[in-house]
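Notes follow the structure.
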Amino acid sequence: MWDALDDFYWTYQSLIHAIGVNGILALSVYVVLAVGQLSLGQAAFMGVGAYTGALLSVKFGVPFGVAMLASALVPALLALVVGGPTLRLTGVYLAIATIGLGEITRIVFLNWDYAGGALGLSGIPERGGVAAIYGTLAVLLVGLTLVARSRVGRAMEAMREDEAAAGVMGVNLPRYRLVALVVSSGMAGVAGCLSAHVSSFIGPNEYGFEAAVTILSYALLGGIGSPLAPVLGSTILTLLPEVLRPLADFRLMVNGLIIVLAVLFMPRGILPWRIARTG
């Protein structure tokens, strides 16, 4: 039995790692959407975290735990710096601003010779295995579920449904927006660090506009009624290309069609139910 499980893992290890990492990314975009903001900067923050963790491991040989911590703090600090001016924007304007942030970040990585430039950075030690990935995912799921059940969760839901009403009720809108962006960017950075340490290679084009849209689609498919919903969406979208592999070149088209149908006929996602509140 153990031999069969071991064979299964070594056959599908990349897919198993991707499901966990994408689940963390889905939770990171959930935090921003939960306060009614539309951000397409998660790929950029993921890239910052990936390069931070990878450089610390490759160039300085720091312990993996320190690299993970730094990969959360550096993108969170970046979000804190850019959050002030960008969070004055809402809706599609915020989305456009964060797309610009993503492109700036990608170009910096592309021309940063110390980090490999256009060729990317290779030789990253394989330290972030299944235990690190799924342990992080489990901790974040439990933590965000507890937050969603608290007064903070109710305030976030009020902002998402009607910002003006939430402000009248005493919710500090700028603070909640900034905290959500900082927390989500730190989570995306951790996902980037974990991904870098299981793939052993990162490149600047991995964190562009396409990746940002893909991360957003996790929450669009799963929904944001609870933290579990975007994780379910990310799992489905990660598995779909493998399930549709017999369709060869048509699988991406089918993948996109499924997302479009889900948005049209299930606007709240495939798991729209909100979890019960306490407190």
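In a simple Cβ point-charge model (Lys, Arg +1; Asp, Glu -1; nothing else charged), the stretch 68-175 has a dipole of about 300 debye relative to its Cα centre. Rolling a 1.4 Å probe across the protein heavy atoms gives the chain an accessible surface of 49 Å² per residue. The residue list G129, G167, I236 was ranked by how far each Cα lies along the charge dipole of the chain toward its positive end, using unit charges on Cβ atoms, and G167 comes out on top.
Note on the stretch 2-153: the C-alpha convex hull projects to 11.2 nm² when averaged across all orientations. In the chain, helices alone account for a calculated mean residue ellipticity at 222 nm of -24500 deg cm²/dmol, with every DSSP H run of four or more residues adding -39,500 (n - 2.57). Rounded to 0.05, the FRET efficiency of the L15 and V108 pair, given R0 = 25 Å and the Cβ-Cβ distance, is 0.25. If R0 is 35 Å, the Cβ-Cβ spacing of E161 and M253 corresponds to a FRET efficiency of close to 0.50. Using only side-chain charges placed at the Cβ, +1 for Lys and Arg and -1 for Asp and Glu, the dipole size of the stretch 139-205 relative to its Cα centre rounds to 180 debye. At a 1.4 Å probe, what is the % contribution of carbon and sulfur to the accessible area of the stretch 19-109? For the stretch 19-109, the apolar C and S fraction of the accessible surface comes to 78 percent. Ligands, DNA and RNA excluded, the heavy atoms of T214 present near 60 Å² of accessible surface to a 1.4 Å solvent probe.
The orientation-averaged projection of the convex hull spanning the C-alpha atoms of the chain amounts to 16.1 square nanometres. FRET efficiency for the A131 to M266 pair, using the beta carbon distance and R₀ = 35 Å, is estimated at 0.55.
Using the Cα centre of the chain as the reference point, and only Cβ charges (+1 on K/R, -1 on D/E), how large is the resulting charge dipole? Debye, rounded to the nearest 20.
900
Just flag the trypsin sites (Lys or Arg not before Pro) in the stretch 1-110 sitting in loop per DSSP whose Cβ has no more than 16 other Cβ atoms within 10 Å. Sparse-neighbourhood loop trypsin sites (Lys or Arg not before Pro): R88. A simple rule links phi to the HN-Hα coupling: the Karplus curve 6.51 cos²θ - 1.76 cosθ + 1.60 with θ = phi - 60°, which for the stretch 36-41 gives x, 9, 10, 10, 10, x Hz, with x for Gly and Pro.
Each peptide in 192-203, 116-127 gets a packing score, the mean of other Cβ atoms within 10 Å over its residues, and the list from highest to lowest is 192-203, 116-127.
Can you find, among A43, W10, Y93, the residue farthest towards the positive end of the dipole of the chain? Put +1 on the C-beta of Lys and Arg, -1 on that of Asp and Glu. Of A43, W10, Y93, it is Y93.
The values are calculated or read from the model by the stated rules, or taken from the named source; none is laboratory data. For clarity, every value in this text was computed on a predicted model and none was experimentally measured. Using ideal geometry, Cβ is built from the backbone for each residue, glycine included, and neighbour counts are taken over all protein chains shown. Heads up: the accessible areas ignore ligands, DNA and RNA and are worked out on the full protein's heavy atoms, side chains in. Shrake-Rupley method; radii C 1.70, N 1.55, O 1.52, S 1.80 Å.
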